[in-house]
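Report on the structure given below.
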Amino acid sequence: MGAEITAEGLVMTYGDVRAVDGVSFTVASGEFFGLLGPNGAGKTTTLEMVEGLRKPQSGSVRIDDFVPSRREPELQRRMGVQLQASSFFERLTAREQLDTFGALYGVAAGRTDEMLEQVGLVDKADDRTEDLSGGQKQRLSIACALIHDPDVVFLDEPTAALDPQARRNLWDVLRSINDSGRTVILTTHYMDEAEALCDRVAIMDAGKILELDTPAALVRGLDAPVRISVAPGTLDAEAARTMAGTDDVADEESGLTITTRDPARILTELAHRDALDGLSVKGASLEDVFLDLTGREYRA
Amino acid sequence: MSTAFKSLAVAMLKGFFRDKMAVFFAVIFPLMFLALFGGLLGGSGGSKIEVEQVGKVSVLDDAPKEVRAYLKESLDIHRTSDEKAAIRKVRKGDADAMITQRGDTLVVRFSQADQVKAATVQGTFQGIVQSANIAVTGQQPKYVLHADQVEDDSLSTIQFFTPGLMGWAIASGATFGAATNLVVWRKNGLLRRLRLAPVPTWAVVLARIAVSVAIAAVQAAIFIGVGVALFGLQLTGSWPMIVPLLTAGTLSFMAIGLLAGAVAKSEEAAVGIANFVVLPMAFLSGSFFPLDGAPGWVTAVSEVLPLKHLNEGMLDTMVRGEGPGAALMPIVILLGFAVVVSAVASRVFRWDD
Ligand SMILES: Nc1ncnc2c1ncn2[C@@H]1O[C@H](COP(=O)(O)OP(=O)(O)OP(=O)(O)O)[C@@H](O)[C@H]1O
Ligand SMILES: [Mg+2]
């Protein structure tokens, strides 16, 4: 189980666009690795080079001892892929999709029921793919990627366009994939997802990896302030601003928020003033790391 | 490997037969044309003369068996004893002629309303009486008439239209099937997905070919079945040659479809391009009407159209009674066309958008 992945100096340009601009990383056997970044960061292109769908213009990829772009069946039988789109045969039922993909990998038919069970689609087995909901399609497409029990699994935005519940639901499936010792590489826009699932994440933007570490280490490294909020009217904004340890104050309709690097001192002071109504304390998350690195302005 | 090929082919076949629109346009729609042409135009070709026979008519009743069989082909004789009623029927156009015998005179009454019918009636009975006269003398007739038309019109309507409409049905089935299959699979990423599966590209192509040929075979079986059962289609000796003809034809149309699918950016565009090619091709290839009277440039253009050669080959072997050799040239041309167009398609082909 598992496979080791090494990517070195990957480059892919489309005309003037340097879609991937010198990306290197290694993924250990059994690791859950995340590629995180805004739209157009180069996540999909990187993944496609690692899968062997695109040959890097420069740099190299190894999965164990294989070069994926050679598309050797021996390697492909060990790889499970879920592409960004939901790629299904038209007008087949969920069961038939799994049977068909299974046959492509020479898998015995019995695996289909097992996979339906694993992704919770037993009830939908005889529904056509076109009639499944977005979340069900995503789960089926993951099942199709796992039908041949691969050692390494590539997932491109597996939870895109899912409601929060369906997303959590899918996380459980993804964790179970990794628990059995498979190497998993996933791309996502969602920080909480990366934080919840990945052993290590690479934050990408404009074709480059900006940071690569465990989610916890990335958050720690940010040295980000803590946000303490209280209900509106609990504390006067001016008073908050003069409190020792306050970096910044935002007085909004929803409440007053104090940004600080010394939360203990602020909380003591608030308790002292009996101003703890509707208290909430938020530390930095991967999202802050992400925004800190990639900037806050909107990019299409 | 063979399981991969088989499962892909099965998936494609299911995809086709579950697509009600595709089945309609590949099978039902062309069959509607067959029914239309066979039903509407069929009558004018070989309708019989309806004759009311009053009492005994020895030239008919005592004629030798072969002559009677021959007469049965052209006459629909209805016996009656009421001469007045029979004449009324002829007058109203419900029958074409009344005949009865008075002594040695054969009396034929007909209506001049339909002049062609009137002439046919007179000619037919003139002939019957004369051959009866010769037979009475016991002489062998010296001169015999051998009548045989040379034009395509000699094929009754259904004989001509079944191969043509079948060719059109198969052309659109194979072209649309390949074009939409390619575009849909490219757009939804299935092509790339298959590229990452341990399946050689040729297995995917071969599966598509097998499915297209199978669909063509189903179309042909339905067409010929309906033609024979409902419209009196008669197949001539080397009709099994349509199997290699249809296979080669399907390959050509698939190539057109793959080219359309490779060029088109969307499924709608692919269908549009396929339509733009198939419908004019069907007209110019004589699928809907014979090209005998067509201007020279039409005939010249039709020479480069695969459907024209498929139609010719099928007409020759299915209904014109030519030998199996007549299919050879069309098959070679169709295969050549398939190779050239596939080569062009493979140059335009992309795995993804
Ligand atoms: N086939 C292509 N032709 C031209 N440019 C491309 C192509 N594929 C990707 N690009 C460009 O390369 C860059 C990286 O694209 P990529 O799809 O890898 O980003 P991504 O991080 O996966 O984005 P998203 O989160 O939106 O999926 C983008 O600027 C994109 O426009
Ligand atoms: Mg992407």
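No lab work stands behind these numbers, since they all come straight from the coordinates. Model, not experiment: these values are computed from the prediction. Note: ideal-geometry Cβ built from the backbone for every residue, glycine included; neighbour counts use all protein chains shown.
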Practice prompt. Of the DSSP beta bridges with both residues in segment B:48-151, give the percent that are antiparallel, rounding to the nearest 5.
Written response: 40
Response to the item:
Taking the convex hull of the alpha-carbon atoms of segment A:93-218 and averaging its shadow over every direction gives an area in square nanometres of 8.4
Worksheet item: Which ³J(HN,Hα) values in Hz, rounded to whole numbers, follow from the phi angles of segment B:183-195 under the Karplus curve 6.51 cos²θ - 1.76 cosθ + 1.60, where θ = phi - 60° and Gly and Pro get x?
Response: 5, 4, 5, 6, 5, 7, x, 5, 4, 5, 4, 5, 5
Discussion item. Let me check I've understood the local charge: for B:G237, count other residues with C-beta under 13 angstrom from its C-beta, Lys and Arg +1, Asp and Glu -1. What total comes out?
Written reply: -1
Worksheet item: How high is the FRET efficiency from B:S266 to A:A217, r the C-beta distance, R0 45 Å, rounded to 0.05?
Response: 0.45
Item to complete: May I ask you to work out the translational diffusion coefficient for segment B:248-353 at 20 °C, viscosity 1.002 mPa s, via Stokes-Einstein with Rh from the Kirkwood sum over Cα pairs, reported in whole µm²/s?
Response: 145
Worksheet entry | Order of A:V153, B:V57 under a 10 Å beta carbon neighbour criterion, fewest first | B:V57, A:V153
Worksheet item: If you wrap segment B:169-219's Cα atoms in a convex hull and average its projection over all directions, what's the area in nm²?
Response: 3.5
Response to the item:
For B:M166, B:M32, ascending order of other Cβ atoms within 10 Å (fewest first) is B:M32, B:M166
Worksheet item: Roughly how large, in nm² to one decimal, is the mean projection of the convex hull of the alpha-carbon atoms in segment B:199-317?
Response: 9.3
Fill in: Percent of beta bridges antiparallel (DSSP, chain A, rounded to nearest 5)
65
Worksheet item: Which FRET efficiency value, to the nearest 0.05, is calculated for B:F24 and A:Q165 with the Förster distance at 45 angstrom and r the Cβ-Cβ distance?
Response: 0.65
Discussion item. Pairs of alpha-carbon atoms within less than 8 angstrom and 6+ residues apart define the contacts here; what relative contact order does segment A:225-283 have, in percent?
Written reply: 48
Item to complete: Can you give me the three principal axis dimensions of segment A:16-115 from its C-alpha atoms, in Å, biggest first?
Response: 44, 31, 24
Discussion item. I need the Kirkwood Rh of segment B:142-264: take the reciprocal of the average 1/r across all distinct C-alpha pairs and report it in angstrom.
Written reply: 16.8
Discussion item. If you average the alpha carbon positions of segment B:237-253 and of segment A:7-57, how far apart do those two centres end up, in angstrom?
Written reply: 49
Worksheet entry | Computed helical MRE - 222 nm, the protein assembly as shown, DSSP H runs ≥ 4 contributing -39500 (n - 2.57), nearest 500 | -16000 deg cm²/dmol
Worksheet item: Roughly speaking, what is the centre-to-centre gap between segment B:1-30 and segment A:223-268 when only Cα atoms are used, to the nearest Å?
Response: 66
Practice prompt. Give the share of C-alpha pairs in each 5 angstrom bin for segment B:1-129, from 0 to the last occupied bin, in whole percents, shortest bins first.
Written response: 2, 9, 14, 15, 12, 7, 5, 5, 5, 5, 5, 5, 5, 4, 2, 1, 0
Worksheet item: Tell me, how many Å apart are the Cα centres for segment A:59-104 and for segment A:175-209?
Response: 19
Discussion item. Ratio of alpha-carbon Rg to the 2.2 N^0.38 Å globular estimate for the protein assembly as shown, to two decimals, please.
Written reply: 1.52
Worksheet item: Of all the C-alpha pairs in segment A:225-283, what % are more than 19 Å from each other?
Response: 11
Fill in: Burial ordering of B:K265, B:K308, B:K14, fewest other beta-carbon atoms within 10 Å first
B:K265, B:K14, B:K308
Discussion item. Taking R0 as 60 Å, what FRET efficiency do you get between B:Y143 and A:E130 from their Cβ-Cβ distance, rounded to the nearest 0.05?
Written reply: 0.25
Worksheet entry | For chain B, alpha-carbon Rg and Dmax in angstrom | 27.3, 93
Discussion item. Eigenvalues of the Cα gyration tensor times 5, then square-rooted: what semi-axes does that give for chain A, in whole angstrom, largest first?
Written reply: 42, 24, 16
Worksheet item: How far is helix B:2-17 tilted off the main Cα axis of chain B, in degrees rounded to 10, range 0 to 90?
Response: 60
Discussion item. Looking at the protein assembly as shown only, what percent of DSSP beta bridges run antiparallel? Nearest 5 please.
Written reply: 60
